[in-house]
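> First, the structure itself, so that you have it in front of you.
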There are 2 protein chains.
Amino acid sequence: MASFVPVPAGSDFPIQNLPYGVFSTKDNERRRVCVAIGEHVLDLSAVADFYPESVRESLQSTSLNLLMGLGHESWAVVRKITTELLLKGSKLEQNSPLASKALIPQSTVEMHLPAQIGDYTDFYSSIHHATNVGIMFRGKDNALMPNWKYLPVGYHGRASSVVVSGTPINRPYGQTLPVDGQPPVFGPCRLLDFELEMAFFIGGPENKLGERINVDDAWKNVFGFTVMNDWSARDIQKWEYVPLGPFTAKNLGTTISPWVVPVAALEPFLVDNFPQDPSPFPYLKHQQKFNFDIKLEVSIKPENKSEKVICKSNYKNLYWTVLQQIAHHTVTGCNVRPGDLMASGTISGETEDSFGSMLELSWKGTREVDLGNGEVRKFIKDGDEVIIRGYCENNGLRIGFGECAGKVLPAIAFS
Amino acid sequence: MASFVPVPAGSDFPIQNLPYGVFSTKDNERRRVCVAIGEHVLDLSAVADFYPESVRESLQSTSLNLLMGLGHESWAVVRKITTELLLKGSKLEQNSPLASKALIPQSTVEMHLPAQIGDYTDFYSSIHHATNVGIMFRGKDNALMPNWKYLPVGYHGRASSVVVSGTPINRPYGQTLPVDGQPPVFGPCRLLDFELEMAFFIGGPENKLGERINVDDAWKNVFGFTVMNDWSARDIQKWEYVPLGPFTAKNLGTTISPWVVPVAALEPFLVDNFPQDPSPFPYLKHQQKFNFDIKLEVSIKPENKSEKVICKSNYKNLYWTVLQQIAHHTVTGCNVRPGDLMASGTISGETEDSFGSMLELSWKGTREVDLGNGEVRKFIKDGDEVIIRGYCENNGLRIGFGECAGKVLPAIAFS
């Protein structure tokens, strides 16, 4: 299967991918829905006439929320027609005025958040990450909390501070407790960190408050996946988080890649779910495979220096599936809505080079991470850009997620 | 100051109040912005021509978000003109066709959520509540966590599950740990509770991500107050909440009253801020009085029985002001948006009859709360309606918040 749009070798965006995004251009600031193909975007609003009327409005919208809300049957229709439009010999290729209008080089567009995020939830579903953090703060014998293997631990995050890749992040001010038993101090965060995560957007019909989503139906609510950096102020978090969880240590910003890869594009990369022991409660039990072999990498690029990969992890390290996350999220009757974002929590693998945060890579600041060029890090410095990438690859097929990047700017002093 | 619209003695809604809401009627399902006056609503969309063009669109909107976003100068303009329209001898009284169109009996309207809530944050700002809960779970010597008096502890809640007064709440299913050290069990919540809270809506200009809101400017971001019941599944919460905070134990539903009382209406009831020791960090310090004498009551109405007041508390019990809450919420650069909802946390007073939850009133289920008619409660039973009311009163002036009511329905069995 080949597109008439050139797709360079190693591109994240072959015709088998077609991730969704929202873009604007300098000469047209209206936000429009698109897919990525090679080094172009296909403006779906410009080709909306090729699609059935039932989906057309969603393709002419300024965000993906409408399309997300239409449900999996409509997603399949849109994906099929988009694929046909991009194949060699398609009606679009034959209509070159339209093709040149609808296909726009990615280098000339501005990408935006793909959806209006109603609510953002962050889970804590990597067993290696939870174990690492547990060992650091509670010792080896109590590393995993007693609830961890019974339910996908998660918490409500801040939706307003989710931003698209490329948005700079200011080092925050906050309260910290440098010395136990002494009073806290106030100043710029000293232990700024990234968290390597993936997230998915909720789609499909909304459930009403009080209605649960059955784990076997939950796949209908998974629109697609993105790559995320859940920036974390470790020193602020440690002081503030008891007893109600992380708050200002996390709402300083959460970066996502602009591309939402549909589940259909990930199907060739399905792998067995993570083995679970003890067996989960029936409301969390499903047979369906819903785990993916997605390679994940984190690079740090110090100011004016070249980037260095410091972590290689994989999505398949997650203990809980997104179907279990949805079933648990709604078990008490919580309603979810198209555009809601649910994240995995930091995805660490078993080995030291696969840990998904500086907290783990530097083991709480006890060792240095080498960036080459004479640069070492325990946590993130001002001027550092953190770049997270994700991709699936086998048999010559590469499905990528694009970049989730953000540069840390110095703290803004109090005036 | 008297309105031409009748205001019965003891009404929550004299002309000095004019709380905002969003309503619809049977013959016009479009949601419209209104104020309450006596036993009527004034449909502001019907009288929008009396207001300057700069605010008119906000009065013709389907939610209060636009008005919230316009800022305090516009709020003052709208309030002044609305007051003039409702005074005896006003242009509205003289235009009886318009008056009879714009003034609609509250008994015939349906009230909706006043705003689209972007993000919902719940603080934990009552020292008596935090102390009570601390004593129960950690003993008297460690009742308050070390951070509690240094920062307004809070957490991100779930915006989608905030509902307007009158919405029934289903008893949730969930995981609980009845016996420490034994495996958890799954079933309907056994310890369902209310939490007596107040909340305010954010208004004014949005701050950008990375920008803090100065504590001395924070008043500009306070649009108005409402009364809230933060339903809580205590047994589910206890098992799930470590280490990331409450999650499914809270997102089963959060009820607010339909009326948003503007800050201007509360000014006659300003009282001294709660004394704070230790003195807070400079970013949390303000001279401005921003505490209010608001009487709060909780009633339980068992099915087919009369209601009984079981708690009398007061807003002025809060240790942290909303100005401090806003300054802290944004100190790491979190952006807030018009329509965001920020709640106080359970407002308990010092005395046993002023505790704002069944957890405290029954002291963790160790004593019964008498409802009369042979009914006693330790927690909430199916069929119980919980009704929270708030009002300010002095010198014959009563500014009320209306009702925040919700009835608990039995758990929906798993099919």
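> Please verify whether B:Gly181 is at positive phi and facing chain A (nearest Cβ under 9 Å), treating the condition exactly as stated.
Taking the combined requirement at face value, the residue satisfies it.
> Here is a check on your reading of the model: is B:Ile135 more than 9 Å from chain A (Cβ to nearest Cβ), surrounded by fewer than 18 Cβ atoms within 10 Å (Cβ to Cβ) and modelled with pLDDT of 95 or more?
Taking the combined requirement at face value, the residue satisfies it.
> Which one of these is in contact (Cβ under 8 Å) with a residue 24 or more places away in the chain and more than 25 Å from A:Thr226 (Cα to Cα): A:Leu98, A:Leu151, A:Leu113, A:Leu86?
Only one candidate passes the filter, namely A:Leu98.
> For A:Gly253, work out the one condition from (1) under 15 Å from the mean Cα position of the chain (by Cα); (2) on the phi < 0 side of the Ramachandran plot it doesn't fulfil.
Single failed check for A:Gly253: (2).
> For B:Asn251, only one of the following conditions fails: (1) outside any loop (DSSP other than H, G, I, E, B); (2) touching a helix residue (DSSP H, G or I) at 6+ places or on another chain (Cβ under 9 Å); (3) of a type outside the set (Phe, Trp, Tyr); (4) within 12 Å of chain A (Cβ to nearest Cβ). What is its number?
All conditions pass for B:Asn251, except number (1).
> Next question. Give me a count of the residues in region A:238-261 that are aliphatic (A, V, I, L, M) and farther than 17 Å from A:Thr346 by Cβ.
4
> Let me ask something else. Residues that are over 19 Å from the mean Cα position of the chain (by Cα), open to solvent by less than 40 Å² (accessible area, probe 1.4 Å) and within 30 Å of A:Leu209 (Cα to Cα): does region B:351-359 have at least one?
Looking through region B:351-359, at least one residue is over 19 Å from the mean Cα position of the chain (by Cα), open to solvent by less than 40 Å² (accessible area, probe 1.4 Å) and within 30 Å of A:Leu209 (Cα to Cα).
> Right, another one. Could you check B:Gly224 against (1) under 16 Å from the mean Cα position of the chain (by Cα); (2) within 11 Å of another protein chain (Cβ to nearest Cβ) and say which number it fails?
Unmet for B:Gly224, out of (1) under 16 Å from the mean Cα position of the chain (by Cα); (2) within 11 Å of another protein chain (Cβ to nearest Cβ): (2).
> Out of all the residues in region A:146-162, which are at the interface with chain B (Cβ under 7 Å from one of its Cβ atoms), under 22 Å from the mean Cα position of the chain (by Cα) and either closer than 13 Å to B:Glu240 by Cβ or open to solvent by 20 Å² or more (accessible area, probe 1.4 Å) (or both)?
A:Leu151, A:Val153, A:Gly154, A:Tyr155, A:His156
> Also: Mind listing whichever residues of region A:277-300 are within 26 Å of B:Pro184 (Cβ to Cβ) and surrounded by fewer than 16 Cβ atoms within 10 Å (Cβ to Cβ)?
Scanning region A:277-300 gives A:Asp277, A:Pro278, A:Ser279, A:Pro282, A:Lys285, A:Gln287, A:Gln288.
> Just for region A:382-411: of the residues that are within 17 Å of A:Thr255 (Cβ to Cβ) and among the acidic types (Asp, Glu), which one is surrounded by the fewest Cβ atoms within 10 Å (Cβ to Cβ)?
A:Asp382
The values are calculated or read from the model by the stated rules, or taken from the named source; none is laboratory data. What you see is a predicted model; the values in this text were computed from it and never measured. Counting neighbours? That spans all protein chains shown, and the Cβs are built from the backbone with ideal geometry, glycine included. SASA here: full protein model, heavy atoms, side chains in, ligands and nucleic acids out. Shrake-Rupley method; radii C 1.70, N 1.55, O 1.52, S 1.80 Å.
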